[in-house]
Amino acid sequence: MEKDVIILGIESSCDDTSAAVLKNGVLLSNVTASQAVHEAYGGVVPELASRAHQQNVVPVVDQALKKAGITKEELSAVAFTRGPGLMGSLLVGVSFAKGLARSLGIPLIDVNHLQGHVLAHFIREKDGENHIPDFPFLCLLVSGGNSQIIKVKAYNEMEVLGQTIDDAAGEAIDKCSKVMGLGYPGGPVIDRLARAGNPQAFSFARPQIAGYDYSFSGLKTSFLYFLRDRLQENPDFIEQNKEDLAASLEHTIVDILMKKLRLAAKDTHIRQVAVAGGVSANNGLRNAFAEHARKYKWDIFIPKFSYTTDNAAMIAITGYFKYLDKDFCPIDLPAYSRVTV
Ligand code: KG4
């Protein structure tokens, strides 16, 4: 009988400490500790994130194993996020993974966080329905740090067709919502407010960039100047228009994202289109995908909400594919803060 492949995944690239256990490609547990400490600062404070990971990593891994009903001696390998991310945060997960794998005498597998987001579409749940893409497919990866259109040719072969030349989509949403005084992270708040607003109420600058690349810094500046001018006339402008502002901002960002994705789908003749990353939780973007599926006959792949933001399940599934390829890493492999897929 074939031996079970049981992977422990560990994610600590930003402000979520997460651990997941996967058996033969099926998810058994996925435990995440988020860090509320950053809310008061309007953004992630790297030093505080590292400290919180230190406190969380042992209990989170312990819980993930217990929930899965797996002992650490049963593990086949430990997969960890190597980068990109905040160096101090990454070091906690990387060092923990190395220590654990070494003490158990099992292989270590390094995972690129962005590749993990894309492969989240392959996470299988015990009793879940699984709509899994075939290769090649396109993936719109939109998060706080990235906005990319990726052609996914295989688990380990991805080509970035286009990406942002300045801010990421999530970063633009967060910065605009900060200007509106909505707190951090702004994405979920903008999403909620937008549901009650008019997306055509206001219009903001749209970038004119060639090819499949994105740019969001002009939109952010246009939003800022627009508010500054309106607030001079009416100090209550934001409070009186927050739903319409959120809806118009969300509509503009979704439109910019979908326009380039449509172009990539048309040029590559690929009709399987996925979305991944924190911004893929956005309802406006999800609705736009559904509309494109109807209009352009796309076969769309939208992750469950729990796999949109940072999670270890996506690290474990990527680790599982690398395990099957015996693609292990040495113990002295360093973390990295910046890189693309
Ligand atoms: O992938 P992710 O969890 O990690 C980082 O890149 O750090 O993405 C976080 C981003 C943030 O910008 C957040 O505001 C955004 O995803 N986000 C959303 C929603 N939920 C999270 N943006 C729009 N609508 C949402 N519902």
Check: Of the residues that make up the range 141-153, is at least one more than 16 Å from the ligand (Cβ to nearest atom), open to solvent by 60 Å² or more (accessible area, probe 1.4 Å), more than 22 Å from S248 (Cα to Cα) and at pLDDT 95 or above?
Finding: yes
Notebook entry, point to check: Given A288, A316, which one is under 20 Å from the mean Cα position of the chain (by Cα) and assigned by TED's automatic domain parsing to the domain that holds P84?
Noted result: A316
Check: So which residues in the range 39-55 are under 20 Å from P84 (Cα atoms) and not in a loop (DSSP other than H, G, I, E, B), if there are any at all?
Finding: P46, E47, L48, A49, S50, R51, A52, H53, Q54
Next item on the list: Say whether the condition of being open to solvent by 50 Å² or more (accessible area, probe 1.4 Å) and either in a helix (DSSP H, G or I) or small (G, A, S) (or both) is met by at least one residue in the range 107-125.
Entry: no
Next item on the list: List every residue pair whose Cβ atoms lie under 8 Å apart, where the two residues are 6 or more positions apart in sequence or sit on different chains, the first residue falls within the range 278-300 and is touching a residue at least 60 places away in the same chain (Cβ under 8 Å) and open to solvent by 20 Å² or more (accessible area, probe 1.4 Å), and the second residue, located anywhere, is more than 12 Å from the ligand (Cβ to nearest atom) and not in a loop (DSSP other than H, G, I, E, B).
Entry: D299/Q272; D299/V273; D299/A293
Notebook entry, point to check: Of all the residues that make up the range 179-224, how many are in contact (Cβ under 8 Å) with a residue 60 or more places away in the chain, open to solvent by less than 30 Å² (accessible area, probe 1.4 Å) and more than 14 Å from the ligand (Cβ to nearest atom)?
Noted result: 1
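The values are calculated or read from the model by the stated rules, or taken from the named source; none is laboratory data. All of these numbers come straight from a predicted model, not from anything done at the bench. Positions of Cβ are backbone-derived with ideal geometry, glycine not excepted, and every protein chain shown enters the neighbour counts. Quick note on the areas: whole protein, heavy atoms, side chains included, nothing else; ligands and nucleic acids left out. Shrake-Rupley method; radii C 1.70, N 1.55, O 1.52, S 1.80 Å.
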